[in-house]
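K.L.:
Take this structure first; my questions come after.
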Amino acid sequence: MIAPPLLEARDCTVAFAGLRAVSGLNLRIAPGEVVGLIGPNGAGKTTVFNMLTGIYPPQSGEVVFAGRSLRGRRPAQVNRAGIARTFQNIRLFANLTAYENVLLCCHSALRAGLAAATLRTAAHARCEAQARDEARALLAELGLERVHEVRANHLSYGDQRRLEIARALATRPRLLLLDEPTAGMNPSEKTALADTVDELRERHDLTMLLIEHDMRVVMGVSQRIVVMDHGEVIAEGTPQQVRGDPRVIEAYLGEDGETA
Amino acid sequence: MTPLARPWMRGAGAVAALGALAWLLDRHLNAYYYQVLVLIGINVILAVSLNLINGFTGLFSIGHAGFMAIGAYAAAAVSVYGGAALHGTLDPILGAAVGDAVLLLAALAAGAVLAAGAGLVVGIPALRLKSDYLAIATLGFGEIIRVIILNLDVVGGARGFGDIPALAGFFWVYLFVGITLVTVHRMVRSARGLAFLAVREDDLAAEVMGIDATRYKVTAFLVGSFFAGIAGGLFAHFLTYLHTNSFTFLRSIEIIVMVVLGGMGSLTGSVASAALLTVLPELLRPLKDYRMVIYSALLIVLMLTRPQGVLGDRELEVRSWLARRRRREEAA
C-alpha cells in the first residue's frame, strides 16, 4: 500500500478479565477499500468494532484514523472524527420513527445547538430544514421512503438493518463499519443489500470494513478479506487467496477439515 | 413584517391576554378556587420539568422536591432579607408594583440558578449510575437537602420560614407555566433535541452515533432543576410560608406520579395529569385519609391497563386532531 492508510490498528489488545478477545491486532485499511472481516463465532470480530469505535479502547496498542491517534477518545468523538457503525444486534432508537432515527444523526446539518432551538433563531430554522432534506434523501437511498413515520421497532427485520445503515450514514462517516448487515435476511434481500452497499460506497466515497457470515456476500463485496480466530488475525488477502488458505479452512472446520 | 416580528407579537399578545385574565380572577374568583388554580400551575411546571429528566431523557430521578426546595428557600431568602433594600431604592422611582415585580423576578432567578447549580452537582456524578441506582442517589440527595434546610436557622429551621411577601399570583405562575412549556417543547421537539430521546432509547448507540450522551443528561438535569427552582420560588411567594415538610420525598413521588400518569414523554399529558392530581385530592377532601389509597389504586389500575401513561409519548394537539378528523372524513 502506497497511500497512507485511512485506518490503522497497531498491535492492539483488548482483554476482559484475562480473556484476550483481541490479541496483538494489526490492521490497515486504505482509503476507498472494502475489507471483509470473517472468522468463526467468538473470534473477536465484534470486539474489533467495539475497539475501533471507542467502546472498549485497546489496553495496549493504538488505533490511528486519518493520521490521528484515537487514544482517549470517547465513542461520540470517534464518530465525529469520521467512523460510524451498525450493530449486529440491532440497536435502533426503538420508539422513534425511522425518519427521526436518521434526522437526529445529521450532525453536520444540525450545527445550531439546543439554545438556538429554544430561541427559534433563523440559523436553527436553516439547520433543521437542511437536516430534514438530508434525512429524507438518506431514507430514500436505502429504500425506506415508505416507512418514514413507522416506529423503528415496528419495521421488518430487513428494514431495520437498512435503517441502521441510513442512520450511520447520516453522521457522514469516512469509514463505515457494518456488523453482519445481512444477518436474518433472505437470499434476495441479501443480494439487494450487497448491491446497495456497492452503490453507497461509490456515492458517499466510503471506506468499509464489514463483518459478514454469508460467504457469497462477503466474497462478492470485499476487495480484501481479513480472517480472525481466537482474537488473532490468521490470514489476510484477496477472496481467492483466503478461500484456499489451509489455516482458514482449519479455523472454520477444525483440524480434520481436510477430510470433511 | 419580518419573520421574527410575528412570534414576538404573538408572545406579547398572549402575555397581555394572561394579564387581563389574571386581573379578572384576582378580583372575582373565590380564594379557594384561586388557590387550587395557582397550585395546578405550580404542579404543571414541576411535572413538565421532571418529564424532561424522567420521560424524555429516561433518567429516573426522585429528587425533584429537593430542587424545588432549594428554589423555594433561596427565593424566599432573597425577598425576605433583600426586599426592604430593593423596595427602598426602586419604589420611589418606579412605584411599588414595579418594585414587587423586580423583587419577585430577582428572587425567582436566584432560586432557579441555585437549583440548577444543584442539578449540575447532582447530575454529573449521578450520571455514572444507571436506572435504579440513579433513583436511589437522587432520593438521597432530596432528603439531604431537606435535612440541611431543616437545620438552617436563617431560613427558620424547624419552625418554618414565614413572612415571605405574597408576590406571586395567577399571572406570574401561569406566565412561567407558559415559559416552561415553550422551552421544554422547543427543546425536545427540535431535530437536535431528539438526541434526548435517543439517549433514553439507547445511550450507548447514541454515543456511537456521535451524540454526547453525558452532555444531554446533564442538560436535562440542569434545565429540569432550573424550572423546579422556579416552581419552588413561586410556591414560596404564593403561600408566604415554607416548611420542609412540603418537600419530603413524598412530594417527589407525587410529581413522578403526575409524569407517569400523563405519559412519560408527553407534555400535554403532564399538564393534564398535574391538573387532575391537584384537583382530585380537593374533590376527595371528605375522604381525606383515603387520598393516598385512591392515588395508589389509580396508579395500579393505570399501570395495568396503560403502562405507557394516558397519552404515552403522544401530544394532544388541536392541529393533529383536526388533521386526523379530516383524513377520516376523506376516507369515509
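K.L.:
State log₁₀ I(q)/I(0) for region A:22-111 at q = 0.20 Å⁻¹ as given by the Debye formula over alpha-carbon point scatterers of equal weight, solvent excluded.
P.N.:
-1.16
K.L.:
I'd like the Karplus ³J(HN,Hα) series for region A:160-177: coefficients 6.51, -1.76, 1.60, θ = phi - 60°, whole numbers in Hz, and an x wherever there's a Gly or Pro.
P.N.:
Taking θ as phi minus 60°, the curve returns 4, 5, 5, 5, 4, 5, 4, 5, 5, 5, 4, 7, 6, x, 9, 10, 10, 9 Hz for region A:160-177.
K.L.:
Calculate the mean, over all residues of peptide A:89-98, of how many other protein chain Cβ atoms lie within 10 angstrom of the residue's Cβ.
P.N.:
Mean number of neighbouring Cβ atoms from other chains: 4.
K.L.:
At a Förster radius of 51 Å, what calculated FRET efficiency corresponds to the Cβ-Cβ distance of residue B:113 and residue A:191, to the nearest 0.05?
P.N.:
0.30
K.L.:
Return the long-range amide H neighbours of residue A:150 (sequence gap of 5 or more, or a different chain), with a cut-off of under 5 Å between placed amide H atoms.
P.N.:
Close amide H contacts, sequence-distant or interchain: A:98, A:99.
K.L.:
Tell me which of B:38, B:94, B:150 sits at the most positive position along the dipole axis of chain B, charges placed on C-beta atoms (Lys, Arg +1; Asp, Glu -1).
P.N.:
B:38
K.L.:
Which residue, B:243, A:32, B:262, has the largest displacement toward the positive end of the dipole of the protein assembly as shown when charges sit on each Cβ (Lys, Arg +1; Asp, Glu -1)?
P.N.:
Going by the Cα projections, it comes out as B:243.
K.L.:
A follow-up question, please. Name the residues whose placed amide hydrogens come within less than 5 Å of the amide hydrogen of residue B:265, ignoring near sequence neighbours (fewer than 5 apart) on the same chain.
P.N.:
When sequence neighbours closer than 5 places are left aside, the close amide H contacts are B:55, B:56.
K.L.:
Non-local amide H neighbours of residue A:15 (under 5 Å, H modeled in plane, Pro and chain starts lacking H): which ones?
P.N.:
A:21, A:59
K.L.:
Moving on to the next point. Under unit Cβ charges (Lys, Arg +1; Asp, Glu -1), what dipole magnitude, rounded to 20 debye, does chain A have relative to its Cα centre?
P.N.:
1260 debye
K.L.:
Here is a further query. Taking only the C-alpha atoms, wrap a convex hull around chain A and report its volume per residue in Å³ as a whole number.
P.N.:
Output value, Cα hull per residue: 145 Å³.
K.L.:
Give the average, rounded to an integer, of partner chain Cβ atoms located within 10 angstrom of each Cβ in B:47-60.
P.N.:
Average neighbour count from other chains, rounded to a whole number: 0.
K.L.:
Under the Kirkwood approximation applied to all pairs of distinct alpha-carbon atoms, what is the hydrodynamic radius of chain B in Å?
P.N.:
Evaluated over chain B, this radius sits at 20.9 Å.
K.L.:
Ok, one more. Of the chymotrypsin sites (Phe, Trp or Tyr not before Pro) in region A:1-86, which ones lie in a loop per DSSP and count no more than 15 other C-beta atoms within 10 Å?
P.N.:
Passing both the DSSP loop test and the Cβ count: no residue.
K.L.:
Which value, in debye to the nearest 20, gives the size of the charge dipole of region A:92-157 about its Cα centre, when Lys and Arg are +1 and Asp and Glu are -1 at the Cβ?
P.N.:
180 debye
K.L.:
Give me A:47, B:248 ranked fewest to most by other Cβ atoms within 10 Å of their Cβ, as a rough exposure proxy. Could you put the intermediate results ahead of the total?
P.N.:
Details: A:47 21, B:248 16.
Fewest-to-most ranking of A:47, B:248: B:248, A:47.
K.L.:
So for the protein assembly as shown, Kirkwood radius off the Cα pairs, Stokes-Einstein at 37 °C and 0.692 mPa s: how many µm² s⁻¹?
P.N.:
Estimated via Stokes-Einstein, D reaches 122 µm²/s.
K.L.:
Taking R0 as 22 Å, what's the FRET efficiency between residue B:158 and residue B:250 from their Cβ-Cβ distance, rounded to 0.05?
P.N.:
0.75
K.L.:
Taking the Cα centre of the protein assembly as shown as origin and charging only Cβ (+1 Lys, Arg; -1 Asp, Glu), how large is the dipole, in debye to the nearest 20? Present the calculation step by step, with values, prior to reporting the outcome.
P.N.:
Numbers: 55 positive and 51 negative charges, 311 e Å.
My answer is approximately 1500 debye.
K.L.:
Hey, what does the equivalent ellipsoid look like for region A:174-233, semi-axes from the Cα gyration tensor as sqrt of 5 times each eigenvalue, largest first, whole Å?
P.N.:
19, 16, 9
K.L.:
Compute the relative contact order of chain A as a whole-number percentage, counting only Cα pairs closer than 8 Å that sit 6 or more residues apart in sequence.
P.N.:
25 percent
K.L.:
Can you give me the distance in nm between label points at residue B:290 and residue B:303, each placed 7 Å from the Cα along the Cα-to-Cβ direction?
P.N.:
2.2 nm
K.L.:
In terms of Cα to Cα distance under 13 Å, which aspartates and glutamates are near enough to residue B:217, apart from those fewer than 8 places away along the same chain?
P.N.:
B:201, B:202, B:203, B:207
K.L.:
How do A:23, B:270, A:188 rank when sorted from fewest to most other Cβ atoms within 10 Å of their own Cβ?
P.N.:
Fewest-to-most Cβ neighbours within 10 Å comes out as A:188, A:23, B:270.
K.L.:
For the charge dipole of region B:71-177, defined by +1 on Lys and Arg C-beta atoms and -1 on Asp and Glu C-beta atoms about the Cα centroid, which residue among B:127, B:107, B:165 has the Cα displaced farthest towards the positive pole?
P.N.:
Working it through, the farthest residue towards the positive pole turns out to be B:127.
K.L.:
Could you give me the percent of Cα pairs per 10 Å distance bin for region A:92-157, shortest bin first, beginning at zero and ending with the bin that holds the maximum distance?
P.N.:
The distribution over region A:92-157 is 23, 45, 27, 5, given as percents.
K.L.:
Could you work out the relative contact order of chain B, using alpha carbon pairs under 8 angstrom and six or more residues apart, expressed as a whole percent? Write out the running numbers ahead of the final one.
P.N.:
On the way: 484 pairs, mean separation 101.6, N = 332.
Relative contact order for chain B comes out at 31 percent.
K.L.:
Sort A:105, A:127 so the one with the fewest other Cβ atoms within 10 Å of its own Cβ comes first.
P.N.:
Listed from fewest to most nearby Cβ atoms, that is A:127, A:105.
K.L.:
Ordered by residue, what ³J(HN,Hα) values in Hz, to whole numbers, does region B:156-164 give under the Karplus form 6.51 cos²θ - 1.76 cosθ + 1.60, where θ = phi - 60° and Gly and Pro are x?
P.N.:
For region B:156-164, the Karplus curve yields x, x, 6, 6, x, 10, x, 6, 7 Hz.
K.L.:
Taking every residue in A:112-121, how many Cβ atoms of other protein chains lie within 10 Å of its Cβ, on average?
P.N.:
The per-residue average across the peptide is 5.
No value in this document is a laboratory result; all are computed from the given coordinates. Predicted, not measured: the structure shown is a model, and the values here were computed from it. Positions of Cβ are generated from backbone atoms using ideal geometry, with glycine treated the same way; all protein chains shown enter the neighbour counts.
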